[in-house]
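Step one of this worksheet: look at the structure below.
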Amino acid sequence: MKTSSFKPLVIALAFAGLGQGLSTLPAQAGGQVSWSLAPSDRGAAEALSTGMRLYSIARDLRGGNIDQRGYGNAAGLAQRGRGNIGLIQQRGNGHSGTLQQNGNDNAYALFQYGKNARDAVVQNGNGQSGATFSYGW
């Protein structure tokens, strides 16, 4: 059986070409990347909400919780309504995060890692759930 070394050569050239383009980009002093999840399907929203509620029960949390590890972090949590669960977790330094929930039976979690991540989340309505994951540098 004859093997071809053409495929590895193409892959190597592709990565070499990508490397050339990336080497000319200027360095950034700071920034962040975030990923948010807000299920529009009722079943998925309920599954996410149930997971957060079970986590809250296991950790003996009531309604809202802010958990910070690091220096210079700031967080705020405001809830208007009943049955809301709000979680903010910050790991690293210099983060700023707020979560505002308006309505009933909502669940949201904000996770910030790295340094200097900035997030402000507002959740309006009833029975909604979501999560945001941010990494700052």
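The values are calculated or read from the model by the stated rules, or taken from the named source; none is laboratory data. Everything numeric here is computed off the predicted structure, so don't read it as measured data. Don't worry about glycine lacking a Cβ; one is built from the backbone with ideal geometry, like all the others, and counts go over all protein chains shown.
Apart from one condition, Thr132 fits all of (1) crowded, with 17+ Cβ neighbours inside 10 Å; (2) in contact with a helix residue (DSSP H, G or I) (Cβ under 8 Å, 6 or more places away or on another chain); the exception is (2).
Answer with yes or no whether Ile66 is of a type in the set (Val, Ile, Thr), out of contact with any Phe, Trp or Tyr (no Cβ under 7 Å at 6 or more places or on another chain) and at pLDDT 95 or above. When the stated conditions are applied, Ile66 passes them. Any idea which residue in the range 104-129 is surrounded by the most Cβ atoms within 10 Å (Cβ to Cβ), counting only those that are out of contact with any strand residue (DSSP E or B) (no Cβ under 6 Å at 6 or more places or on another chain) and on the phi > 0 side of the Ramachandran plot? The selected residue is Asp105.
Here Leu99 fulfils each of the conditions (1) surrounded by fewer than 21 Cβ atoms within 10 Å (Cβ to Cβ); (2) under 23 Å from Pro39 (Cα atoms); (3) touching a Leu at 6+ places or on another chain (Cβ under 8 Å) apart from (1).
For every residue, the table says whether it meets (1) closer than 24 Å to Gly31 by Cβ; (2) free of Cβ contacts under 8 Å to residues at least 24 places away in the same chain; (3) under 12 Å from the mean Cα position of the chain (by Cα).
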{"position": "Gly72", "(1), (2), (3)": "yes, yes, no"}
{"position": "Gly83", "(1), (2), (3)": "no, yes, no"}
{"position": "Thr98", "(1), (2), (3)": "yes, yes, no"}
{"position": "Asn102", "(1), (2), (3)": "no, yes, no"}
{"position": "Ala107", "(1), (2), (3)": "no, no, no"}
{"position": "Gln112", "(1), (2), (3)": "yes, no, yes"}
{"position": "Gln123", "(1), (2), (3)": "no, no, no"}
{"position": "Gly136", "(1), (2), (3)": "yes, no, yes"}
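Suppose the filter is at pLDDT 95 or above and among the aromatic types (Phe, Trp, Tyr); does Tyr113 pass it? Judged against the criteria, Tyr113 is a match.
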